[in-house]
Amino acid sequence: MAKSIKEEALRYHSEGKPGKIEVVPTKPYSTQADLSLAYSPGVAEPCLEIEKDSHSAYDYTAKGNLVAVISNGTAVLGLGDIGPLAGKPVMEGKGLLFKIFAGIDVFDIEVDQKDPQKFIETVKSIAPTFGGINLEDIKAPECFEIETRLKEELDIPVMHDDQHGTAIISGAGLINALEIAGKKIEDVKIVVNGAGAASISCTKLYVMLGARKENIVMCDSKGVISTHRTDLNAAKREFATDRDIKTLQEAVVGADVFLGLSVANVLTQDMVRSMNENPIVFALANPNPEISYADAMASRDDIIFATGRSDYPNQINNVLGFPYIFRGALDTHAKAINEEMKLAAVYAIAKLAKEPVPDVVNAAYKLKRTTFGRDYILPKALDPRLLTRVSCAVAKAAMESGVARKDITDWDAYANHLREMMGYDNKLLRSFTEMAKANPKRVVFAEANHINMLKAAVEAKAEGICHPILLGNWDYLQKLAAEENLSLEGIEIINMRSDGETERRQRYAELLAKKKARQGVTYSEAYENMFDRNTFGMMMVETGDADAFITGVYSRYSEVSRIAEEVIGIRPTYKHFGAMHIITGKKGTFFLADTLINRHPTTEVLIDIARLTHDAVKFFAHEPVMAMLSYSNFGADKEGSPLTVHNAIKYLHETYPEMDVDGEMQVGFALDKKLRDKTYQFNKLAGKDVNTLVFPNLSSANSAYKLLLEMGVAESIGPIQMGLNKPIHFTDVESSTRDILNLTTVAVVDAIVQEQIEKGEK
């Protein structure tokens, strides 16, 4: 390891609070009453209930979400037998992964005991504490006996991840690699280099998937494991071959699959060239594989190659499996993790790799495009869909195989629960999506020649959210779609600059010129503007040829907002319009404004923004509790932006006393009601949790929401337009496909509400 990496790693583990995990209370504890419930005398009540029914421990304790990561430190990563204490950083790291990927709490337990029988007795003694046990970094062959015995003698899930985790992930990768290679698992010849716990478990799983033992050759440090050898343990003897070969070099000739769980650089380019066509090479030795990525790629063009490293394509990473396997097992109160559950995980992971990759995943890995193929046979570790897909598959298998003690009946609700638990989704957007699907509207996508907007339009149609209308050149859009494997079937494309749209341009120009005659707009000027995609698209909405409009990935928001004001107009009783972002995270849903339109708002502009935001929050089925922000509190600074905000608040209090709004105040006082109420007892928001933040200028609002997103604290919907007469919505240049899709959903709902209003007026 390079010195800089060493220093960085040591600093990472030592700075602040040493280690990587901590215990956090989940119940109130600030008062004597709280403590009397948490401990004596109140704690006696759940104790008595558990005494009557041991299964109720899942109701009254953390057992149902608690996994023990247990090791004796005899096979720590690639470090070997370094002892239990030296292995503790790895166990803490495993606990970290359980938590961040699946919301599972972990106690890491390092047992200073190499004797299998004594180790087993130790684990059995502490097992009542936990809902599941993850065995980690225990050397072979002892790990086989330990896991087998514990699975037999305990009534909670037990899994040695070094064995089964690698097997499950590589099994999923193998299924997909074979599909790409056009081969059947029952026909392929497999060479396994390495005969440790992971290698043997992988091989057993491949047999369960359909591989034939007679087609498998396993090698250890002494060469081919054959029936002629007398130094084999029981695990190795299961895969001994009767072929007259002795070396790895001989074994790989004509092989279809190579699985390496051994040491670096034992597989050469010539050995890869000796394999069958479309060879599948899983070189999983860490940190350096059996053959380097560069050498493997240089050996032949038809190779499908995977490693255990994150810096190359096709990482065989256990984190794709174990958090979600335990998640599904815990949520069904399973007695075990059985073969059916493992296979369910294999197929769920394999299937997910064939689906379109979310932009959030591509962005995380700095990938422009990821599609199923030779360089993408497995999902990425940061794919949030793994949580629901794998956990649900495992939970279903637990129930169907008879090891579940708790049934899940509503799978959609369960998946939603998982997403909400991890901050991957929010009820608000889901409810809007359902509303949009029930009444999809015609949405104009002005900048369809931007790939993210094109993808969003295609996805929106596929999900039934809207009827997309794409503005652009038909030939170019078809070419772009073909390059991205997108289908534009059933999607309307309008080239607003074509001769075929002359009549419509003329009609739109006449209407706009008439509407804006007193503002100096002539027919000639209006007609010329109809060659602009934003003006033309907004006129489609204005005239009823479409219901909503999306733009902004290319266009400057200042120019688009000017056109919108001119073509669509601002709602009566307002002189300005703005934009809002909805931010969702583990602390709830927050509304931020103005995040796009007004750069340096005056007092008058801030008043309109506050009123618009108040109405918008109500539109999204929340009761607005609003803080108007500044760098000072309640008149402490009497000039600049604090004064502007102060004057806006004064007007709002006088004119709209029913609004829950106050300020100017700092963010800390806005979000900490105890601090706010104690320090400023006169504040109008006393006792209330603020959910709406109005910023003093565009710079602060825009920076705030982008900071939250970049830090991974929250997810967003927006920018959502507030104050125009029609559903006209602007994205920005950084918008992903997901951002545009979310905004499209909001635009459709906006159009539905607009339709209802118009019908009511009629």
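The values are calculated or read from the model by the stated rules, or taken from the named source; none is laboratory data. The shown structure was predicted, so the numbers you read here are calculated from the model rather than taken from an experiment. Positions of Cβ are generated from backbone atoms using ideal geometry, with glycine treated the same way; all protein chains shown enter the neighbour counts.
Structure summary
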item: Any hit, the range 448-460, residues being surrounded by fewer than 15 Cβ atoms within 10 Å (Cβ to Cβ) and either of a type outside the set (S, T, Y) or within 28 Å of F590 (Cα to Cα) (or both); result: no
item: Residues of the range 1-42 satisfying the condition of being in contact with a Gly (Cβ under 6 Å, 6 or more places away or on another chain) and free of Cβ contacts under 8 Å to residues at least 24 places away in the same chain; result: S36
item: Residue satisfying all of: in the range 611-656; aromatic (F, W, Y) and not in a loop (DSSP other than H, G, I, E, B); farthest from the chain's Cα centre (by Cα) among these; result: Y651
item: Scan of the range 242-294 for residues that are of a type in the set (D, E, K, R) and surrounded by fewer than 16 Cβ atoms within 10 Å (Cβ to Cβ), ordered by number; result: D242, R243, D244, K246, D270, R273, E277
item: Residue satisfying all of: in the range 685-705; within 13 Å of F669 (Cα to Cα) and among the small types (G, A, S); surrounded by the fewest Cβ atoms within 10 Å (Cβ to Cβ) among these; result: G687
item: Answer residue from the range 612-623, given it is within 12 Å of M659 (Cβ to Cβ) and surrounded by fewer than 21 Cβ atoms within 10 Å (Cβ to Cβ) and is modelled with the lowest pLDDT among those; result: K618
item: Matching residues, the range 563-607, being charged (D, E, K, R), within 26 Å of F432 (Cα to Cα) and at pLDDT 90 or above; result: D594
item: Condition met for L675 (assigned to a helix (DSSP H, G or I), closer than 30 Å to E447 by Cα and not charged (D, E, K, R)); result: no
item: Residue match in the range 219-226 (condition: over 24 Å from D137 (Cα atoms) and of a type in the set (D, E)); result: no
item: Residue match in the range 309-324 (condition: in the same structural domain as T370 (by TED's automatic domain parsing), out of contact with any Asp or Glu (no Cβ under 9 Å at 6 or more places or on another chain) and among the small types (G, A, S)); result: no
item: Subset of the range 647-687 (residues that are over 12 Å from M628 (Cα atoms) and among the aliphatic types (A, V, I, L, M)); result: M659, L675, A686
item: Residue within the range 552-560 that is surrounded by fewer than 23 Cβ atoms within 10 Å (Cβ to Cβ), at pLDDT 85 or above and basic (K, R) present; result: no
item: Residue, nearest to Y574 (Cα to Cα), within the range 715-738, restricted to residues that are polar (S, T, N, Q) and at pLDDT 80 or above; result: N725
item: Tally of residues being of a type outside the set (S, T, Y) and within 29 Å of the chain's Cα centre (by Cα) across the range 587-610; result: 8
item: Check on T26, under 29 Å from the mean Cα position of the chain (by Cα), polar (S, T, N, Q) and not in a helix (DSSP H, G or I); result: yes
item: Residue match in the range 665-677 (condition: within 21 Å of E604 (Cβ to Cβ) and in the same structural domain as V617 (by TED's automatic domain parsing)); result: yes
item: Residues satisfying the stated conditions in the range 432-447, i.e. of a type in the set (G, A, S) and either surrounded by 21 or more Cβ atoms within 10 Å (Cβ to Cβ) or touching a residue at least 12 places away in the same chain (Cβ under 8 Å) (or both); result: A436, A446
item: Pairs, first on the phi > 0 side of the Ramachandran plot in the range 82-110, second surrounded by fewer than 16 Cβ atoms within 10 Å (Cβ to Cβ), C-beta under 6 Å, six or more apart; result: G103/M421
item: Verdict on S699 being among the small types (G, A, S) and over 30 Å from G464 (Cα atoms); result: yes
item: Filter pass, G718 being buried (at least 17 other Cβ atoms within 10 Å of the Cβ) and in contact with a His (Cβ under 6 Å, 6 or more places away or on another chain); result: yes
item: Set I138, I156, I168: member being buried (at least 24 other Cβ atoms within 10 Å of the Cβ), on the phi < 0 side of the Ramachandran plot and part of a loop (DSSP other than H, G, I, E, B); result: I138
item: Single residue of the range 701-728 satisfying the filter (part of a strand (DSSP E or B) and among the β-branched types (V, I, T)) that is nearest to the chain's Cα centre (by Cα); result: I717
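Yes or no, residue by residue, for (1) more than 30 Å from A198 (Cα to Cα); (2) hydroxyl-bearing (S, T, Y); (3) out of contact with any His (no Cβ under 9 Å at 6 or more places or on another chain):
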position: R11; (1), (2), (3): yes, no, yes
position: E15; (1), (2), (3): yes, no, yes
position: K20; (1), (2), (3): no, no, no
position: A33; (1), (2), (3): yes, no, yes
position: P41; (1), (2), (3): yes, no, yes
position: S71; (1), (2), (3): no, yes, yes
position: T74; (1), (2), (3): no, yes, yes
position: G80; (1), (2), (3): no, no, yes
position: F101; (1), (2), (3): no, no, yes
